[in-house]
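Here's the structure we're looking at; comments come further down.
The values are calculated or read from the model by the stated rules, or taken from the named source; none is laboratory data. All figures in this text were calculated on a predicted structure; none of them were measured in a lab. FYI the Cβ positions are ideal-geometry reconstructions off the backbone, even for glycines, and counts take in every protein chain you see.
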Amino acid sequence: MLHLLHPALSRAAALDPYRFRHRALVASASLVALGLLLSTGVNSALATATAAETEQRLPQSQLFTAAAANAGDAVATAATNVGDAVAAADAVTEPAPARETFTVDVRPALLYPVGAGAPVGSPFGPREQACDACSTLHQGVDWNPGRGTTIVAIADGVISKIGEPGNSLGVYVTIDHVVNGQPITSVYGHMEAGSMPYSVGDFVRGGDPVGRVGSTGVTTAPHLHFEIRVGGTAINPVPWMAANGAQ
């Protein structure tokens, strides 16, 4: 084996084994030290090269990071500007939403059928006979506001009966109500033919037109014959309307 390394080593080992071992140990130690020196030098060179490469790359990385940050800021600013422009355009082009219009229909609980100031032609109760077919015990009040005057329902209620020409009241309508907790029926007679727009069972509100003043039936002149019936019995409508706050 030794002759492969150097021929002199084989001869030295044969001539003086002790000296040979000593020299071999010294040579081995020298080889180990040389290897350590070479390893340290290589590592130092690699570290130096890595540091140099890092120093060369670091500014580029920083530049890239700064450029990316600037680009991101620019994109964000552009997006904000675009959003502001769109919002401004919408504010200019889109019309403001229209408000819904509505009315509040508040009506008095009780109304006079032809107004509170209509002239009275014939009051409730006993009276002289005005014609051969006329009664002497008047069951209502006759108001004379003039032919064609609108007649309205005195309160909310339901149409309960409709009369046609040929009877003493001519064209008439009766409406069932509850006024101040009291069930009553109102009667409107001698109306113009064709002026009553409802049918039996229809609901009406106080103030809704139910016909026009006429002279159908047994009458001597155009007027409204108006009655209030409580439990089927006619009462004087004038004080009852006033007592219940008619307007």
Enumeration of residues in segment 156-186 that are β-branched (Val, Ile, Thr) and surrounded by fewer than 21 Cβ atoms within 10 Å (Cβ to Cβ): VAL158, ILE159, ILE162, THR174, VAL178, THR185
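Taking segment 188-211, which residues are under 36 Å from the mean Cα position of the chain (by Cα) and not charged (D, E, K, R)?
PHE203, VAL204, GLY206, GLY207, PRO209
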Count of residues meeting criterion [out of contact with any Pro (no Cβ under 9 Å at 6 or more places or on another chain), surrounded by fewer than 16 Cβ atoms within 10 Å (Cβ to Cβ) and over 21 Å from PRO123 (Cβ atoms)] in segment 203-247: 3
Criterion (touching a Lys or Arg at 6+ places or on another chain (Cβ under 9 Å), part of a loop (DSSP other than H, G, I, E, B) and within 17 Å of PRO113 (Cα to Cα)) met by exactly one of GLY245, GLY146, GLY206: GLY206
Only one of SER199, SER195 that is farther than 24 Å from ALA109 by Cβ, modelled with pLDDT of 95 or more and surrounded by fewer than 16 Cβ atoms within 10 Å (Cβ to Cβ): SER199
Scan of segment 118-143 for residues that are part of a loop (DSSP other than H, G, I, E, B) and touching a Pro at 6+ places or on another chain (Cβ under 9 Å), ordered by number: ALA118, PRO119, PHE124, THR136, GLY140
Meets criteria (more than 26 Å from GLY166 (Cα to Cα) and assigned to a loop (DSSP other than H, G, I, E, B)) for GLY194: no
